[in-house]
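Report on the following structure.
The values are calculated or read from the model by the stated rules, or taken from the named source; none is laboratory data. Since this is a predicted model, take the numbers as computed values, not measurements. Note that we place each Cβ from the backbone using ideal geometry, even for glycine, and neighbour counts take in every protein chain shown.
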Amino acid sequence: MKLLTIVGARPQFIKAAVVSRAIASYNQTASNRIEEIIIHTGQHYDSNMSDIFFEEMDIPKPHYNLGVGSGNHGEQTSRMLIELEKLLIKEKPDMVLVYGDTNSTLAGALAASKLHIPIAHVEAGLRSFNRDMPEEINRIFTDHVSDILFCPTDTAVENLKNEGIPNKNIKSKVIKTGDVMLDAAVYYSKISTDKWLKENNLNAGNYILATVHRAENTDSAERLSNIIDALAKLSDNYYQVVFPMHPRTKNIIASDEKIKNKLKNSSIKVVQPIGYIDMITAEKNCRLIMTDSGGMQKEAFFHKKLCITLRTETEWVELVNSGWNGLTSLDSDKIIDSVEQMLKVDSSKLAYPDLFGDGRAGEQIVLKLADFINYTRC
């Protein structure tokens with residue numbers, strides 16, 4: 001049976017590593033092996049955001065790289081769609097597997113649905129309930145055309161139920177598996193070292209780790225300026241802020257003299273984008289995480305680190321409800337106030353609820369994929 005996996009961005013490489021490893025394990029004993037064909041859309045094309053993940057995480061090299069690069073949402077998605085349709089017709093897979101909520105996810109789901117190829121969606125059911133976010137539109141569309149929906153949490157299952165999924169008139173299946181990102185955190189934590197700390201002259205517990213890449217933050221000069229202003233003040237007055245800069249964010253800051261000078265004249269430590277294993281090191285040893293990334297919100301929790309999400313809403317509401325994550329408006333003073341309040345929290349006294357499964361989501365996904373494909377072929 002042939003499974004065609006579509007990835008294109010950092011979080012998807014991490015998730016795909018878990019499932020690909022589980023497929024390899026399954027194939028060692030299965031009579032009906034899964035042939036996985038990996039397509040990299042090229043949505044993340046910078047070597048630090050793409051190539052390094054395939055190398056260090058031991059992910060099978062993509063069979064195809066579409067090399068679409070950056071662009072406006074419509075332009076980028078349409079280029080993916082054209083090329084993916086060609087490959088789906090050529091490869092004739094039994095199922096298409098997509099991850100998360102990127103334009104690569106949307107293009108893969110749309111191409112497969114038009115060709116009547118079954119779709120599996122890993123990380124289904126997430127909702128921020130903010131349709132200004134392109135990721136929210138991608139999630140909703142993908143879930144509503146998918147045949148098998150792998151949900152990481154109870155909340156995700158409930159979100160789908162509220163939208164009428166599964167529907168008795170549509171042969172879709174909703175399965176709670178836990179989160180593949182937890183699988184990855186457990187597996188790769190065992191091989192992480194303190195090399196990255198030494199290379200950057202950092203001591204454990206003495207820095208704030210910050211990332212910014214979401215379009216709603218980077219495409220607004222006011223929001224981005226407010227974030228950099230807050231990071232600068234925090235870096236001067238509390239803990240040094242370490243800022244691995246996303247290529248897209250870097251290009252936007254470089255084109256805005258005001259923000260560029262604000263960053264240049266601050267004590268913020270700007271570093272290159274870092275690979276997943278080094279990111280685990282950075283997360284495990286920081287004092288606090290500040291991010292607009294959905295994945296890093298979870299990674300903070302996995303490593304028992306407090307987090308401030310640079311958004312007013314999140315798809316991971318469980319983390320906010322448990323006290324490990326805090327939301328903030330994008331006013332500079334409000335960001336600083338949110339951080340100040342979070343720094344007062346003693347995380348050792350917080351409950352650590354079982355939210356994301358047992359670290360074996362990848363195994364469950366592969367078994368269910370095999371069952372589904374075998375059933376539909378009968």
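Yes/no per residue for (1) basic (Lys, Arg); (2) at positive phi; (3) assigned by TED's automatic domain parsing to the domain that holds Lys90; (4) modelled with pLDDT under 95:
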position	(1), (2), (3), (4)
Ala109	no, no, yes, no
His116	no, yes, yes, no
Ile119	no, no, yes, no
Glu135	no, no, yes, yes
Ile140	no, no, yes, no
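Among residues that are under 17 Å from Leu3 (Cβ atoms) and within 20 Å of the chain's Cα centre (by Cα), Val68 is not included.
Only residues that are at pLDDT below 95, over 17 Å from Asp278 (Cβ atoms) and surrounded by fewer than 17 Cβ atoms within 10 Å (Cβ to Cβ): list them for region 30-64, please. Residues satisfying the conditions are Ala30, Ser31, Asn32, Arg33, Pro60, Lys61, His63.
Residue check: Ile365 meets all listed conditions (1) free of Cβ contacts under 8 Å to residues at least 40 places away in the same chain; (2) closer than 22 Å to Asn159 by Cβ; (3) β-branched (Val, Ile, Thr) but one, namely (1). Restricting region 292-303 to residues that are in a helix (DSSP H, G or I) and of a type outside the set (D, E, K, R), the residue that is farthest from Ile280 (Cα to Cα) is Gly294.
Where helices (runs of 4 or more DSSP H) fall entirely within region 304-378, those with at least 2 residues that are within 18 Å of the chain's Cα centre (by Cα) and not assigned by TED's automatic domain parsing to the domain that holds Asp236 are at 361-377. Listed conditions (1) assigned by TED's automatic domain parsing to the domain that holds Lys15; (2) touching a residue at least 12 places away in the same chain (Cβ under 8 Å); (3) over 27 Å from Gln76 (Cα atoms) are all met by Leu126, apart from (3). Total residues in region 148-158 satisfying the condition of being in a helix (DSSP H, G or I) and within 19 Å of the chain's Cα centre (by Cα): the figure is 4.
Residues checked against (1) among the basic types (Lys, Arg); (2) touching an Asp or Glu at 6+ places or on another chain (Cβ under 6 Å); (3) on the phi < 0 side of the Ramachandran plot:
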site	(1), (2), (3)
Met95	no, no, yes
Ala112	no, no, yes
Val122	no, no, yes
Arg131	yes, no, yes
Ser146	no, no, yes
Phe150	no, no, yes
Lys161	yes, no, yes
Gly164	no, no, no
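Residues that are surrounded by fewer than 17 Cβ atoms within 10 Å (Cβ to Cβ), hydrophobic (A, V, I, L, M, F, W, C) and within 18 Å of the chain's Cα centre (by Cα) do not occur anywhere in region 271-288. Among residues of region 11-24 that are of a type in the set (Asp, Glu), none has a Cβ under 9 angstrom from a residue that is assigned to a helix (DSSP H, G or I) at a sequence gap of 6+ or on a separate chain. Criterion applied to Lys250, Lys233 was being within 21 Å of Thr291 (Cβ to Cβ) and modelled with pLDDT under 95, and the one residue passing it is Lys250. Restricting attention to region 86-132, the residues that are touching a His at 6+ places or on another chain (Cβ under 8 Å), more than 15 Å from Ala16 (Cβ to Cβ) and not small (Gly, Ala, Ser) total 1.
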